[in-house]
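> The structure under discussion is supplied below as structure tokens; questions concerning it will follow.
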Amino acid sequence: MSTIGSVLQRPTVTSSLKSRLFLVLLLSSLLPLLLIGSVTYYSMFLNLQNKIQKSIEATLAQVCQGIEYTLNNLDYTSRQLAFADGQVGSDLQLLFSSRSTSEKFNLTRELENNLLLLNFTNPNIGMTFYYLADTGKPMFENLEVNPDIRLENLPALSRSRGITFHGPHKSVYRYGQNTVFSIMRKVENLDHMYVYIETNYQLFEQLLNKQQYQMDVAYLLVDQDGKIVYSDRDQEALVGSAYLPESDAAGKGLAALKGYYRFEQDSGEGWKLVVAVRKSDFSHEIKQWFRQALLIVALCLSASLLLAWLIWKMVYRPIQVLGREIRAFDASAPDERITKMNVREFDHLLYHFRMMRIRIRELLLEVEQKEKRKREIEVEKLYVQINPHFLHNTLNTIQWLAKANGQTEIDRFVAVFSRVLHYNLGKEGGIVRMENELEALQHYIDLQRTRYNYQFEVRVDVDPATYKVPIPRFILQPLVENALYHGLGDEGGMIAVTVRMEEDDHASIAVTDDGVGMSPADLERLMGEGTERKVGIGIGLQFVNKTMQFYYGEAYRLHIASEPGKGTSMRLRFPVRATNGLE
């Protein structure tokens, strides 16, 4: 028994096959993706970052070389204008040393022509003129100079050997708004005289072209003293503020460089070109690649989930169908069409399970038929033993003799007893109306009251709505009989029979008495299988209980409540629309 109990114990709570299968498939799909994806992402991130960084550095070096080339070109051109060994420089020296008016006129014309020729042959040169520092007056200018500009106030990029490179700054051309580089060189042998040369208006835009970076960048030019002399983001990096390197802790607080990566290129003259790239733009290509990688991962994961679904369909779904078949097992239910799961092993298992189900149903039907036949034989045996025809004929003879001898009381008593036997032993069917059952009960009560000289009272309270309700024959009499023989004492008492219609399409019968009551042991003996009755006709409460269960089901049974000294109450409840052949 202990072995069977241990086998039939409810299994402990563990993870299901579905969850395990899902977890294994998910891990088998995600782990390779995570490992390969992590290595690939790390490698691609470093490669792309290195590629973008080197591209920016190479472009920055080209721009810096272009600026140096431009400044060297300005330096070379200024030499021709400032030194006495140059054509223009020598004419300038003769002009200021000559005392002849005609010679000065000729030298002036020649200087202007040479300056025009110089500008024509060098397209990168813009505005050119000589400048008298003591008076602030320009000489030999090729374009009109803005009178409000002082050359000494222009931002100096670097200074060395009497040469000052300016820029970037606004052109000194009166009507110009372009940004240029410029050089200011002292003229040899002439005090307070300088030559000033600008780049043309297109050269600056070509040099600091941002499209070559293919991202949003900001240019900074830092002079040899570490001051920012140019910024195309003036609202973020103010010209004139100190430039702090990125390695410096204080540099992190520089407003111009928040959210930027910085790349620097030092020149040979001491100035520095800085390009600042927004971090979002710098990582744009990496993010774009990352999104593509995520798309690939999502596609791989979708494919894995699809494969998981296919495996679930092949493995878990047949198990689920088989489990549903087992949980819904009902041997009495008709066979359903066998579902094909297209998996040979599962179809084979399901087929044998259905065959076992059919065999169990056949065995149960066979046992049910045998039990039903056994009950029928017992009833037939009872009928044969009682022999109702013999009893009726005998009672009719007794009634005829009593009437012939003038015994009216005996005549009436035998007539009532004959009707009771006729109803109880009748074979016209097992189902009657409630009014027929009540009429037979009244005959039984009259018979017993005559027998016991009216020492007890029976009150019958019936709801008229229950008169037509069908009920199994011979239900009320055993209940009243039990109350009479087991409930009431020798001094008699009162028995109440109540029949009511309930709201949920059910009817109820209650039989109560105010007699001596019964103990639990007496109740168990009274309802036991082996109980022998020595009173009444020997059928008893067990017959009532089995009859109700046969017609209405196991849930409908006789309920008895009793307590010694306080009487007994018996109650039946049954549906109005009967089942199992009850009409």
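> Could you run the Karplus curve 6.51 cos²θ - 1.76 cosθ + 1.60 with θ = phi - 60° over the stretch 193-199 and give me ³J(HN,Hα) per residue in whole Hz, x for Gly and Pro?
My calculation for the stretch 193-199 gives 10, 10, 9, 10, 9, 10, 6 Hz in order.
> Using θ = phi - 60° and the Karplus curve 6.51 cos²θ - 1.76 cosθ + 1.60, what whole-Hz ³J(HN,Hα) does each residue of the stretch 494-508 get, with Gly and Pro shown as x?
Here the 3J(HN,Hα) series is 10, 10, 10, 10, 10, 10, 9, 9, 9, 6, 9, 6, 10, 10, 9 Hz.
> For the stretch 82-180, run through the trypsin sites (Lys or Arg not before Pro) and keep only the ones in DSSP coil with at most 14 other Cβ atoms within 10 Å of their Cβ.
Those that pass, being in a loop and sparsely packed, are R99, R150, R161, R174.
Quick note: the coordinates plus some simple rules give every number you see, no bench work behind them. Remember, predicted model here, so these are calculated numbers, not experimental data. Using ideal geometry, Cβ is built from the backbone for each residue, glycine included, and neighbour counts are taken over all protein chains shown.
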